[in-house]
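Take a look at the structure below.
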Amino acid sequence: MKIPFNKPYLSGNELKYIRKAVELGKLSGNGFFTNKCHEFFKTTYGFDKVLLTNSGTSALEMASLLIQAGPDDEVIVPSFSFVSDANAFALRGVRIVFADSGLENPNISVEDIRKRITPRTKAVCIVHYGGIACPMDEIMNLAEMNGFIVIEDAAQAVDAYYKDKPLGSLGQLATFSFHETKNIISGEGGMLAVNDRRYQERSEILWEKGTNRTAMLRGEIEKYEWLDLGSSFLPSEMTAAFLFAQFENLKSIQRKRVAIWNRYYDKLKCLEEEGRCELPKFPEYATQNGHLFYLICRNREERNRLIEELNRRSICAIFHYLALHQSPFYRKHHPEIKLPNAERYASCLIRLPLYCTLKKEEQDEVVKAIKSFYRMQ
Ligand SMILES: *Cc1c(COP(=O)(O)O)cnc(C)c1O
């Protein structure tokens, strides 16, 4: 493909810092660069406690362990999302309750959450789709009234805000991803934000295989012991070194991505005005962080033809997600349910190429191909 969907972006010091990590002679995790990343995130956004993980998925698995979810519990998850939001809890034997998206954008519908709350609802895992905030005041109020925990899947939401608060700082727990398709990358990588103090001490223990090794590294104890459940959730120093270089350039990465996003928006707005397709919508309390740009076509057939037409012109556009409530694994164990908005996004949404080094001329080619598909020029 001449214009791929994604290209990993090296912002400057990635290779230099990996070399430095190697020269420091400590390649495993929880070292110099891991601390640098933690400190960066805490001072930039005011987070109280963060822990780098091997992936967004493993941060979600940590969240699931931390809330001590089990077979007597239900967790509400948006159906239109990545499989890890369901898997992380299903792995603990939790009953997954899928909720629908809203009409305005693919984010979970608060109305639909309300309908699915039962006395067994332990948590709601919400996803800020495309870095566009869910209505957090409403969700946090609902959680307080009904006594459940809110986990923010902020995998796509680095450097995005709800009112003036950074996403990932509002729920008791939040997870980020640094997978190579995200804004800030380390190949595979992720982070857990532990906003509720009650979980902080235990989070360090789960992170280090169920031991108090972190306390030992701080010199608080002499030898570490097995204290709790846990796993190897922490990334190596080489990964953290790469990630720290990205963190240092976060503002410039974000500027580049947001400029591309805005340019798509301006150039494709006419399609929405002419009723051909819909552009992303975001409420006034949300910002956009240049994570992904999507269009919503009128139906599945048209969406698929548009993807084919772009592919024919060597432009890689893709769709996601297949609605989780319709997935083979879920259907094997549960009766059929209908979530019309999630199904609509799964059928009609298309994502356009968006990466830091996408050139203006390339972006113009994408825009031109879409407009000619809709016979707008
Ligand atoms: C990317 C992503 C994840 C998973 O992140 P990994 O780092 O790939 O495990 C989870 N949820 C959402 C919404 C994502 O976009």
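The values are calculated or read from the model by the stated rules, or taken from the named source; none is laboratory data. Every value quoted in this text rests on a predicted model; they were computed, and no experiment measured them. Cβ atoms come from the backbone with ideal geometry, glycine included; neighbour counts cover every protein chain shown. When the accessible area is computed, the model is the full protein with side chains, heavy atoms only, and any ligands, DNA or RNA have been set aside. Shrake-Rupley method; radii C 1.70, N 1.55, O 1.52, S 1.80 Å.
Remarks
- Condition met for E222 (farther than 30 Å from R19 by Cβ, of a type outside the set (F, W, Y), away from the ligand (no atom under 16 Å from the Cβ) and assigned to a loop (DSSP other than H, G, I, E, B)): yes
- Top-ranked residue of the stretch 184-207 - restricted to ones that are of a type in the set (D, E) and more than 16 Å from the ligand (Cβ to nearest atom), ranked as most open to solvent (accessible area, probe 1.4 Å): E201
- Qualifying residue in the stretch 66-83 (condition: open to solvent by 20 Å² or more (accessible area, probe 1.4 Å), away from the ligand (no atom under 16 Å from the Cβ) and within 16 Å of I337 (Cα to Cα)): no
- Residue in the stretch 296-304 that is closer than 30 Å to L91 by Cα and in a loop (DSSP other than H, G, I, E, B) present: no
- Summed over the stretch 103-120, residues that are away from the ligand (no atom under 16 Å from the Cβ) and either touching a residue at least 24 places away in the same chain (Cβ under 8 Å) or open to solvent by less than 20 Å² (accessible area, probe 1.4 Å) (or both) total 11.
- Taken across the stretch 137-154, residues that are open to solvent by less than 20 Å² (accessible area, probe 1.4 Å), within 13 Å of the ligand (Cβ to nearest atom) and farther than 21 Å from A63 by Cα do not occur at all.
- Criterion violated by G210 - all others in (1) under 19 Å from S231 (Cβ atoms); (2) more than 16 Å from the ligand (Cβ to nearest atom); (3) open to solvent by 20 Å² or more (accessible area, probe 1.4 Å) satisfied: (3)
- In the stretch 1-26, residue nearest to A193 (Cα to Cα) [restricted to those that are modelled with pLDDT of 95 or more and open to solvent by 80 Å² or more (accessible area, probe 1.4 Å)]: L10
- Residue in the stretch 309-319 that is nearest to the chain's Cα centre (by Cα), counting only those that are at negative phi and touching a residue at least 40 places away in the same chain (Cβ under 8 Å): I318
- Count - residues of the stretch 299-322 that are in contact with a Cys (Cβ under 6 Å, 6 or more places away or on another chain) and open to solvent by 60 Å² or more (accessible area, probe 1.4 Å): 0
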